[in-house]
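Working notes, beginning with the structure itself.
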């Protein structure tokens, strides 16, 4: 169980990192209004990045339990296979996020 907790934390960090790539860097704080905008930026970064990371964690844990543990448990590169599969699932979730936000205008 601790193992999946560590993978879930990694997924949350990847989700926040993905949102940081999408949103860009925080605006400079030159006045009280820009200070407020910067705080809203960080709140949005953590909120949406946390949602993306939670979705990534759920998909990864399900994929790990039902496929990776059965097929690749005896492999010497099991950690590398798991990390690569998490990055692949992140690419799928990021593509789905982009399609829903920009193309179909659902989000």
**Study point:** Residues that are part of a helix (DSSP H, G or I), touching a helix residue (DSSP H, G or I) at 6+ places or on another chain (Cβ under 7 Å) and exposed (fewer than 12 other Cβ atoms within 10 Å of the Cβ), drawn from the range 75-107
**Key:** none
Review point. Tell me, which residue of the range 28-44 that is in contact with a helix residue (DSSP H, G or I) (Cβ under 8 Å, 6 or more places away or on another chain) and surrounded by 12 or more Cβ atoms within 10 Å (Cβ to Cβ) is farthest from residue 9 (Cα to Cα)?
Key: 29
Review point. Quick check, is residue 58 free of Cβ contacts under 8 Å to residues at least 12 places away in the same chain, within 19 Å of residue 107 (Cβ to Cβ) and part of a helix (DSSP H, G or I)?
Key: yes
Review point. Which residues, taken from the range 55-84, are within 13 Å of the chain's Cα centre (by Cα) and farther than 11 Å from residue 7 by Cα?
Key: 55, 59
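One line per residue, one yes/no per condition, for (1) closer than 14 Å to residue 82 by Cα; (2) out of contact with any helix residue (DSSP H, G or I) (no Cβ under 8 Å at 6 or more places or on another chain); (3) in a helix (DSSP H, G or I); (4) touching a residue at least 60 places away in the same chain (Cβ under 8 Å):
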site: 7; (1), (2), (3), (4): yes, no, yes, yes
site: 11; (1), (2), (3), (4): yes, no, yes, yes
site: 26; (1), (2), (3), (4): no, no, no, no
site: 46; (1), (2), (3), (4): no, no, yes, no
site: 49; (1), (2), (3), (4): no, no, yes, no
Check your understanding: When you go through 90, 62 one by one, which is the residue that is closer than 17 Å to residue 21 by Cα and modelled with pLDDT of 90 or more?
Key -> 90
Check your understanding: Do we have any residue at all in the range 63-74 that's in a helix (DSSP H, G or I), free of Cβ contacts under 8 Å to residues at least 40 places away in the same chain and surrounded by 13 or more Cβ atoms within 10 Å (Cβ to Cβ)?
Key -> yes
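The values are calculated or read from the model by the stated rules, or taken from the named source; none is laboratory data. Everything numeric here is computed off the predicted structure, so don't read it as measured data. Note: ideal-geometry Cβ built from the backbone for every residue, glycine included; neighbour counts use all protein chains shown.
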